[in-house]
Amino acid sequence: MAQRTIHVIVPIALKEVMEELGPDFERDIGYRLGTTHMLNPQVPGYAAAHDDWDIAITNPWHVNEIVAAGHALAESHRALARSPLAFGARGVSEVRPTTSSEGIKAALKAAEKIGFTGIGTSGDKFRGLAHSLGILPELEGKLVPLEGGGPMRALQAGQVDLAALPLTNIAPVAGVSAVAVCPEAMNVHIDISLCLHPAAPDSVHDLVNWLIDPQLDDRLGALGAERFAL
C-alpha cells in the first residue's frame, strides 16, 4: 500500500520550522508530509480555491476566516506557535540580541537597507512597530518591501543590512543572527494556529497531535517559537 501523504498549507513564517520538523514526523508517525508555502494573507484564498489540503496553518484570524467560509472544521482550530518579530543580520554573533526599545531603534537607524515582507503579517507588524517607536518617517527611505521569502534571500545576498522577520525565519538559518528581538509587550509577535479540511482523514489528527504535543516545546523554542493560548 502506498504511504499516505498529508498535505499542509504552511505559511512562510514557519517554512524553516516545518522543514526541520518534517523528517522527524515522517519517521515517528510514518506518513509523508507534503507542504505548500505561501504568505499568511494568501492562505484563506488558497483554502477556498483548492481541495488538495488536509491542514491549513496560518494566523488565527485567517483560520477564523477559513472556518467562517465553511472550508474548515470549527472545532479543529488549534493554537500552534508564537514567534516574535526579529531583525536578522549576516554573520554569527555571540552577543545576545537586544530587546529594548532603544536598542531596537538604534539597530534600525544604523541599517542602510531593511528588507521586509511587503504584504505579509510580519511586514505589517514591522511597519506598525516603526510607527509606534516614532521612527517610521526616518526609516522610509531605507525600507525594501519584498515578496515572501525575499527578505532572507536579500540579506544573504548582501542586498540589505537587516531583515525584519519572525524569529522562526531567522533562528534556523545558518550564517545569520538575530540582532534584535521584540519582546511580547511590544505586541508585534506573529501568532500561528491551524485547522483541518472538513474531509481530512482521521490519520491527519496524528500530525496535529504531534505538532501540539508539549514534548515539542523545547525544539520549537530553539527554532524561534513558543506556545500560546487562543
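The values are calculated or read from the model by the stated rules, or taken from the named source; none is laboratory data. Predicted, not measured: the structure shown is a model, and the values here were computed from it. Cβ placement follows ideal geometry from the backbone for every residue including glycine, while neighbour counts extend to all protein chains displayed. Note: areas computed on protein heavy atoms with side chains; ligands, DNA, RNA excluded. Shrake-Rupley method; radii C 1.70, N 1.55, O 1.52, S 1.80 Å.
Assorted remarks:
- Computing Rg and the Kirkwood Rh from the Cα coordinates of the chain gives a ratio, Rg/Rh, of 0.99.
- Estimated FRET transfer efficiency (Ser93, Gln215; beta-carbon r; R0 22 Å; 0.05): 0.15
- Local net charge near Gly150, Cβ-Cβ under 13 Å (Lys/Arg +1, Asp/Glu -1): +2
- Projected-area average for the stretch 56-111 over all orientations - Cα convex hull basis, square nanometres: 6.2
- Accessible area per residue for the stretch 1-158, computed on protein heavy atoms with a 1.4 Å probe, is 48 Å².
- DSSP beta bridge pairing in the chain, given as percent antiparallel to the nearest 5: 55
- For the stretch 139-230, trypsin sites (Lys or Arg not before Pro) meeting the loop criterion (DSSP other than H, G, I, E, B) and having at most 16 other Cβ atoms within 10 Å: Arg227.
- Accessible surface of the stretch 84-209, 1.4 Å probe, proportion on carbon and sulfur as whole %: 51
- Here is the tail figure for the stretch 108-214: Cα pairs spaced more than 21 Å apart come to 44 percent of all pairs.
- Summed side-chain charge close to Trp210 - residues other than Trp210 whose Cβ falls under 15 Å, Lys, Arg +1, Asp, Glu -1: -4
- Scanning the chain for GluC sites (Glu not before Pro) in DSSP loops with at most 12 neighbouring Cβ atoms within 10 Å leaves 113-230 as the longest stretch between them.
- Those lysines that a straight Cα-Cα span of less than 22 Å connects to Lys142, excepting residues fewer than 8 apart in one chain: Lys105, Lys109, Lys113, Lys125
- Share of carbon and sulfur in the accessible heavy-atom surface of the stretch 18-72 [1.4 Å probe, %]: 47
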